[in-house]
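K.L.:
One structure, as structure tokens, below. Some questions next.
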Amino acid sequence: MSIHSASSSRGSPRRGIFWAPGEGRAYRKGGQTGIFKADGEETDNDYSISEWWLEPKTDGIGVHVNSCDHVYYVLEGVLTVFMDGRWLRAEKGACVVIPGGVPHDFENREETRVGFLNVNVPGDFERSIARIFG
């Protein structure tokens, strides 16, 4: 990882972040892998960004609610997302925006791996994943 100095809009020092493909802070549970690229202190808690990979036929953690907004951008495969009381099929290139407070879940119902980029606003999302994935 290569880091360069920068400053935030709040005047506190921040650092640029570079991760090579596949790098980041990884959490694994069952057929799910979350790789965090930026979170919490790195973004002044403004946002969190992570990459998620689900092996074929992998369930999510179950329908749940978060206070932060989620943005999912499908990188590869087909992600099945629960939102607004229904399951949606999100193919490669699809973007799903889930406002905080909306019940949601995701899973891979397909025979191939699925990957998606997850942006959360505000940040500090990694802390909850660390507790869930242990």
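The values are calculated or read from the model by the stated rules, or taken from the named source; none is laboratory data. Remember, it's a predicted structure, so these values are computed and weren't measured experimentally. No Cβ is skipped: glycine too gets one built from the backbone with ideal geometry, and neighbour counts run over all protein chains shown.
K.L.:
Restricting to segment 19-56, give me the number of residues that are basic (Lys, Arg) and within 15 Å of ASP105 (Cβ to Cβ).
P.N.:
Final tally of qualifying residues: 1.
K.L.:
Mind checking which pairs have a first residue in segment 57-79 that is β-branched (Val, Ile, Thr) and a second that is at pLDDT below 95, Cβ under 7 Å, 6 or more apart or different chains?
P.N.:
From residues that are β-branched (Val, Ile, Thr), the pairs are THR58/GLY30; ILE61/ILE132.
K.L.:
So is ASN45 closer than 20 Å to SER128 by Cα, polar (S, T, N, Q) and out of contact with any Phe, Trp or Tyr (no Cβ under 9 Å at 6 or more places or on another chain) or not?
P.N.:
Here the answer is yes, as ASN45 does meet what is asked.
K.L.:
Right, here's the next one. Out of LEU117, LEU79, I need the residue that is crowded, with 20+ Cβ neighbours inside 10 Å and in contact with a Leu (Cβ under 9 Å, 6 or more places away or on another chain). Which one?
P.N.:
Details: LEU117 fails: crowded, with 20+ Cβ neighbours inside 10 Å.
It is LEU79.
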